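Where a number appears in this text, it was derived from the coordinates with a stated rule and is not lab data. No experiment lies behind these values; they were computed from the predicted model shown. We place every Cβ from the backbone using ideal geometry, glycine too, and count neighbours over all the protein chains shown.
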Amino acid sequence: MSDSRPRRTFAVISHPDAGKSTITEALALHARAINEAGAVHGKGDRKATVSDWMAMEKARGISITSAALQFEYDGHVVNLVDTPGHSDFSEDTYRVLSAVDSAVMLVDAGKGLEPQTLKLFRVCALRGIPVITVINKWDRPGLSPLELMDKIQEQIKIRPTPLTWPVGEAGDFRGVLDRRTGEFIKYTRTAGGATIAPERRMGADQVEGDDKDVWDNAVEEHELLDLDEANHDQTTFLSGETTPVMFASALQNFGVAQLLDLLVELAPGPSTTEGLDGAVREPGDEFSAFVFKVQSGMNTAHRDRLAYARIVSGEFDRGMVVTHGTTGRPFATKFAQTVFGRETTSVEHAYPGDIIGLVNANALRVGDTIYTGPKIAYPPVPSFAPEHFMTATAGDIGRYKQFRKGIEQLDQEGVVQVLRSDLRGDQSPVLAAVGPLQFEVVEDRMLHEFNSPIRLSRLDYQVARITDAEGALGLRGKRGCEVLQRTDGTYVALFTDQWRASATARDNPEILLEAMPAGGA
Ligand code: G4P
């Protein structure tokens with residue numbers, strides 16, 4: 001490979017409002033990918049946004065789409081894959097997590113562990129993704145650090161191993177104690193955190209003035225942690241049993257440089273990846289990648305469609321012809337881009353861990369594998385259990401063609417799951433979502449992108465289970481239940497409520513009724 005710089009591919013995840021956008025800006029600022037905080041996810045009166053491209057997204061101030069930001073840091077290439085902030089798009093977050101090697105979990109020091117924090121920790125555990133935990137907003141009053149550590153241990157069942165420890169309680173952030181060197185890293189404020197905050201490292205004997213008392217307190221607590229053996233261990237971190245913890249203020253740019261240093265030092269790079277049927281690829285093997293996200297409508301003028309793929313093995317050269325696993329057909333990668341928000345750059349070469357955006361890749365679906373050499377197929381990204389269901393019909397019957405095309409496109413992108421049955425016909429498919437905001441995206445995009453207003457009406461179902469062709473027959477005519485099919489052929493049984501789903505399963509043990517991973521908040 002001609003670019004031997006190691007890769008670090010990670011996502012920042014958190015409960016909404018914990019500071020994900022702020023830390024993304026701060027990370028990019030430190031790595032000098034952009035010059036001033038605010039250029040990534042502009043908020044308030046800071047710079048205009050380059051990441052939020054959908055009008056609706058801007059209006060609501062939420063990040064619906066995912067972008068990948070690549071920058072260089074300390075001889076490494078860092079790929080930061082953005083995730084949506086709202087829990088209604090957790091399925092999207094789940095997909096993004098299939099494309100990263102580690103995750104940075106932000107916890108709001110004032111709020112502690114929130115519902116989405118707990119759920120995302122569980123998803124990472126399920127997928128075997130090592131997590132670095134950042135206690136953010138330490139510049140504001142919050143919980144005591146020892147209390148936060150207890151909560152992580154008790155509620156998440158993962159052992160926190162702090163690498164830094166705050167000097168000064170939440171709201172009075174002087175800096176941190178580097179637990180591995182025993183040094184004091186003292187922070188100095190800058191106006192609004194808009195430029196890189198200066199840090200000064202000093203030995204314990206150099207701590208003076210009004211820092212002395214809070215320093216002594218930090219040392220005491222650090223010793224307590226030592227007694228408790230809450231110290232970093234690389235093996236247990238990689239296996240997901242422990243999580244290194246650090247304290248930061250993304251807004252003040254405190255601790256951000258340390259986070260980058262930790263990512264480079266501790267986070268894993270691309271490694272051996274298992275495909276289906278026992279096939280395996282090492283990063284140095286022939287090219288392979290999988291699509292984890294498909295997106296269109298970023299540029300209404302061009303009606304572009306972008307498939308984001310994570311490279312698993314081998315070198316990608318723009319223009320190379322690869323095999324599309326699902327169809328077995330050759331696929332020419334003439335147009336490949338790195339994408340961050342609206343900024344797109346043509347990519348000539350990319351390596352394991354990198355994210356590429358393949359333009360107008362109409363055949364590619366989420367979960368598809370592309371490769372050269374022997375056949376390989378990476379496991380599909382599982383869907384979350386939908387909990388909200390609507391029938392969709394064309395709002396303007398004269399635009400039925402556009403309606404069909406739009407539904408097909410949104411289905412392929414995974415914006416919602418589209419379910420059909422002979423009974424309902426193709427004119428009114430059922431849309432299934434994890435969170436109701438997904439329907440708003442559908443309405444908005446159908447109207448503006450596909451020029452086909454859509455009429456949605458609520459269906460009285462709450463629970464979905466996977467079944468099979470036999471199950472579909474067995475369930476026919478049963479009360480409070482209906483079986484439909486996803487585009488990939490999977491049979492999905494919908495039930496009016498949990499009780500009915502459980503009762504049906506109990507009374508008909510021969511019928512397959514398999515639960516999907518829970519996605520709702
Ligand atoms: P998100 O992407 O996880 O949803 O969070 P985001 O970065 O948008 O941050 C949510 C709010 O928390 C923002 O305030 C942001 O300024 C603030 N914030 C983020 N990190 C810190 C921190 O370290 N310290 C403090 N004190 N605040 C922090 P906002 O009022 O909602 O928006 P804004 O107009 O101030 O940007």
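Among all the lysines, which ones have a C-alpha under 29 Å from residue 334's C-alpha, if same-chain residues fewer than 8 places away are not counted?
293, 375, 405
How far apart, in nm, are the 7 Å Cα→Cβ label points at residue 321 and residue 154?
Between residue 321 and residue 154, the simple spin-label model gives 6.3 nm.
Could you rank the peptides 113-121, 11-19, 139-147 by their average count of other C-beta atoms within 10 Å per residue, with the highest value first?
11-19, 113-121, 139-147
Can you check what the net charge comes to around residue 400, using other residues whose Cβ is under 14 Å from the Cβ of residue 400 (Lys, Arg +1; Asp, Glu -1)?
So the surrounding residues net to +2.
Rounded to two decimal places and with Rh computed the Kirkwood way over Cα pairs, what is Rg over Rh for segment 454-521?
Rounded to two decimals, Rg over Rh is 0.97.
Report the net charge of residues surrounding residue 233, where surrounding means a beta-carbon distance below 10 angstrom and charges are Lys +1, Arg +1, Asp -1, Glu -1.
Local net charge: -1.
Rounded to the nearest 20 debye, what is the charge dipole size of segment 237-296 about its Cα centre when +1 sits on each Lys and Arg Cβ and -1 on each Asp and Glu Cβ?
The calculation lands at about 320 debye.
According to the square roots a ≥ b ≥ c of the eigenvalues of the Cα gyration tensor, what is the shape class of segment 389-521, taking rounded for a/c under 1.5, prolate for a/b larger than b/c otherwise, and oblate for the remainder?
Here segment 389-521 falls in the prolate category.
When a/c is below 1.5 the answer is rounded, else prolate if a/b is larger than b/c, else oblate, so apply that to segment 380-436 with a ≥ b ≥ c taken from the square roots of the Cα gyration tensor eigenvalues.
Prolate is the answer for segment 380-436, as a/c is 1.5 or above and a/b outweighs b/c.
Work through the residues other than residue 198 whose Cβ is under 15 Å from its Cβ and net out their charges, Lys, Arg +1 and Asp, Glu -1.
+4
With each pseudo-label sitting 7 Å past Cα toward Cβ, what's the residue 363-residue 208 distance in nm, one decimal?
Between residue 363 and residue 208, the simple spin-label model gives 7.1 nm.
In whole angstrom, note down how far apart the Cα centers of segment 195-273 and segment 370-441 are.
If you average the Cα positions of each part, the centres end up 44 Å apart.
Determine which lysines satisfy two conditions relative to residue 119: a Cα distance under 19 Å, and not lying fewer than 8 residues away in the same chain.
20, 111, 151, 157
Dipole size in debye (nearest 20) for segment 388-521 around its Cα centre, Lys and Arg Cβ +1, Asp and Glu Cβ -1?
320 debye
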